[in-house]
Amino acid sequence: MELVYSRTKTIREEKVSGFCPGCMHSTVIKLIGEVLEEMNLVDKAACVLGIGCCGLHMEYMAYDNITAPHGRACAVATGMKRSNPDSLVFTYQGDGDFASIGLAESVSAANRGENITVIFINNGIYGMTGGQMAPTTLVGMKASTAPKGRDPKEHGYPMHMCEILNQLTAPAYLERTSCNNPQNVMKTKNAIKKAFQNQIDGKGFSMVEIVTSCPTNWGLEPLDSLDYLEEKMFAEFPLGVIRDN
Ligand SMILES: Cc1ncc(C[n+]2csc(CCOP(=O)(O)OP(=O)(O)O)c2C)c(N)n1
């Protein structure tokens, strides 16, 4: 019989996903694992996890990983890559981690053109700690720290990390994708592949921002959260290639 699909070996077999229904973290970590296998990079890979639901992956990953202090993943990845230039170093960070507490480290690593890859999961909210407002929370979107919804007068506007980093000279590749349907799942996989290849080719800083849903903290059923993602999140965070040097 012809084998047409098998579970990636980069996820520990004894583990069953503990992510909430409709959460896309598990989809993305599967894609990363498939790409590492297809590119024969599993033994060279080192993932620097952020703090939050994004960091829960350490439970599942069957390859090297480390968790950085909240927000500092790009700084940790910088040290790892500079001291082990032959390794493939990538961060996996949420919006609270990458764009809020870690903003300085994130922008500085991009500005230095560090030869690392960032996988940035933008679900518009702090997931693990109970739905506090993130830099990427939409105007009007409710958060536990903004129960009436984000109000620009009080909270400012959503931050667009791809566009902010696109103001810098150094970054090599910035793309925003999603995993809301099979077509976009494949686009995300290809974007991750390209970002890893850039690192192998020594091109410098690459980031794939993946716009995802958080049904639990958005207070929506998984299917309704997909509608919200497509109608509201994509309007604020349009998908596509922002830079490809
Ligand atoms: C220095 C520090 N401050 C605050 C926290 C609490 N904390 C843990 S996870 C988290 C939010 C993570 O949100 P995000 O990065 O969006 O990731 P998600 O859970 O949505 O994947 C916060 C504030 C912490 N662990 N360490």
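Taken together, the values in this text are just the output of simple stated rules run on the coordinates, not laboratory data. Please read these numbers as outputs of a predicted model, since none were measured by experiment. Note that we place each Cβ from the backbone using ideal geometry, even for glycine, and neighbour counts take in every protein chain shown.
Computed values, structure above
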{"quantity": "Distant-in-sequence amide H partners of V118 (H built 1.01 Å from N, under 5 Å)", "calculated": "T91, S206, M207, V208"}
{"quantity": "Cα gyration tensor category, rounded, prolate or oblate, for segment 134-245 with a/c compared to 1.5", "calculated": "oblate"}
{"quantity": "Residues M233, M159 arranged by fewest to most Cβ contacts within 10 Å", "calculated": "M159, M233"}
{"quantity": "Whole-Hz couplings from phi, Karplus 6.51/-1.76/1.60, listed for segment 71-84; x for Gly and Pro", "calculated": "x, 9, 4, 5, 5, 5, 4, 4, x, 5, 5, 5, 8, 9"}
{"quantity": "Mean separation of Cα contacts under 8 Å (6+ apart) over length of segment 25-244, as relative contact order %", "calculated": "19"}
{"quantity": "Karplus (6.51, -1.76, 1.60) ³J(HN,Hα), θ = phi - 60°, over segment 31-36, in Hz, Gly and Pro reported as x", "calculated": "4, 4, x, 4, 5, 4"}
{"quantity": "Antiparallel DSSP beta bridges within segment 138-216, as percent of all bridges there, nearest 5", "calculated": "10"}
{"quantity": "Global form of segment 161-214, assessed from the alpha-carbon gyration tensor, a/c cut-off 1.5", "calculated": "oblate"}
{"quantity": "Prolate/oblate/rounded label for the chain (Cα gyration tensor, a/c 1.5)", "calculated": "oblate"}
{"quantity": "Residue-wise HN-Hα coupling along segment 203-214, computed from phi with Karplus coefficients 6.51, -1.76, 1.60 (Hz; x: Gly, Pro)", "calculated": "7, x, 5, 10, 9, 10, 8, 10, 7, 10, 10, 9"}
